[in-house]
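Have a look at the structure below before the remarks.
The values are calculated or read from the model by the stated rules, or taken from the named source; none is laboratory data. Since the structure is predicted, the reported quantities are computational estimates derived from the model, not experimental observations. Using ideal geometry, Cβ is built from the backbone for each residue, glycine included, and neighbour counts are taken over all protein chains shown. Quick note on the areas: whole protein, heavy atoms, side chains included, nothing else; ligands and nucleic acids left out. Shrake-Rupley method; radii C 1.70, N 1.55, O 1.52, S 1.80 Å.
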Amino acid sequence: MNKIFSTLLFFAFTTVFAQNDSILNRLQAINNNGLTFYNIDGYTITSQTLNYPFTEKGLKKVYRKYAIKKDDQKTTDEQLSYNNYHVTNSEEIIENLVQNNSYYFIENQEKRITIIQFSSINKIDNEFERTIINLIIQKSIPKENYASLRIGSINFAGRKIKLETNCNWINVNSIQCPYYGQMNWSVHKELEDAKNTIEYQFAITKSRKSGKVISEDIVDIEFEGTETKATKVIYDFKGITSALASVSGGKTLTIYYVAAQVRNNYVSCVMSFWNNDTITENGLPPLLEKVMKLKK
C-alpha cells in the first residue's frame, strides 16, 4: 500500500513540476517599482504587494485602490492554500470580444496583501490562474524570466536577440525602437490559442476610430525559421491622430499579424513600422528583420 501511495505521490509531483516547467518556458515578466507585469498565453497579468494587513480595514483600502465596488461579489477560492478573496468582472471591447478581468486579494507569507490581476480576451481558466498565483506567492519564478528595464537584448520565445539601437518597453513582450520598428508577442501552449490572439488583435485594430485599414493581404514569410503566412495590413490614420503622427513624419502603419510554431511552443506576434521608418533592402525595418523574412 505504501509503495502504491509513494508512486502516486511521485507521479503527482512530476506532473506539477512538468506543468510549471512548461509555464516558465512561456512566462516573461518585468518588475517596475514594486509592480510586476507578466505575459503568457495572451494573458496580461500584474502583481503588487501593499503594506496592509489581510483584515477588513486593510482590504477596504486595497479595494478602493483597485476600483472594487462595495457590491461586487467577493468569493473565496477554496482551492488556494492562502486566505483570499476573488473578484471578477468583464467588459465588451467590441462585438464578440469580451475582456475578462480576475482579481485575487491574497494574504501572503509576510501577512500583507498581494493583489494579482488577470486580463484575457474571450477565455477564462481558473486552474491556470491558480498555477500562476502559486508561482508568484511562493516566489518560484526564476530570475531569468525577468527582463531588465534597460533593453540590451530580448528573450524572444527562447532565443536571445541582441538589439543594436535604443528601444523601449511598452509592456512585457512589447517593444518599440524609434525608426526601427515595433512588435509585441506572446508565447502560447497551443497554436489555436495563438491564432485566436492574433485574430482578436486584428479585430481591435479594425474597430479603432483613429483611422482605417486601407489594404489587407495574406503574404508568405519566414518567421523564426518557419515558413508560414502572415496577414499584412496597411493602416491609415486620420484627424487629430493623423496630425500627431505626422509630427514625426509618419502617416501610415504597416502591420504584420502572425501565429506560428516557434521551437517547442507557439507564438502570436504583431509587428509594425511607419512609412518613414528605416527600411532595409529586404523590405523590412531592422527590428522586424530579427524575427522574420519576406518570401520573394
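The angle between the Cα long axis of helix 56-65 and the main principal axis of the chain comes to about 10°, on a 0 to 90 degree scale. Across 63, 179, 103, mean-square fluctuation computed from a Gaussian network of the chain (C-alpha pairs under 10 Å connected) peaks at 63.
Evaluating 6.51 cos²θ - 1.76 cosθ + 1.60 at θ = phi - 60° for every residue in the stretch 206-221, the Karplus couplings come out as 5, 7, 5, 8, 6, x, 8, 7, 9, 7, 8, 9, 9, 10, 8, 9 Hz, glycine and proline recorded as x. Computed from backbone phi with θ = phi - 60° and the Karplus coefficients 6.51, -1.76 and 1.60, the 3J(HN,Hα) list for the stretch 259-276 is 9, 7, 6, 10, 6, 9, 10, 10, 10, 9, 8, 10, 10, 8, 7, 7, 5, 9 Hz; x is used for glycine and proline. Packing around the peptides 220-226, 67-73, taken as the average count of other Cβ atoms within 10 Å per residue, puts them in this order, highest first: 220-226, 67-73.
With θ taken as phi - 60° and the Karplus curve 6.51 cos²θ - 1.76 cosθ + 1.60 applied, the whole-hertz 3J(HN,Hα) list for the stretch 33-48 is 6, x, 10, 10, 10, 10, 9, 6, 6, x, 7, 9, 10, 10, 9, 8 Hz, x standing for glycine and proline.
Would the stretch 24-152 count as rounded, prolate or oblate if I go by the C-alpha gyration tensor, calling it rounded below 1.5 in a/c and otherwise prolate when a/b exceeds b/c, oblate otherwise? Judged from the Cα gyration tensor, the stretch 24-152 comes out oblate (a/c at least 1.5, b/c at or above a/b). For the listed residue pairs 232/295; 162/293; 162/189, the alpha carbons are over 21 angstrom apart in 162/189. When cysteine pairs in the chain are screened for C-beta atoms closer than 4.7 angstrom, the residues that find no partner are 269. For residue 28, the residues whose amide H sits under 5 Å from its own are 39, ignoring neighbours fewer than 5 places away on the same chain, with H placed 1.01 Å from N. Expressed as a whole percent, the accessible surface of the stretch 27-136 that belongs to carbon and sulfur atoms is 42, based on a 1.4 Å probe.
Heavy-atom accessible surface of the chain, averaged per residue, reaches 57 Å², computed with a 1.4 Å probe.
Among 182, 99, 109, the largest mean-square fluctuation in a Gaussian network model of the chain, built with springs joining Cα atoms closer than 10 Å, belongs to 109.
Segment residue 155..residue 88, full-extension length gain: 21.0 nm, with 0.36 nm per residue of separation and the alpha-carbon distance subtracted. In this calculation the C-beta distance from residue 70 to residue 295 is compared with R0 = 45 Å, giving a FRET efficiency of 0.20.
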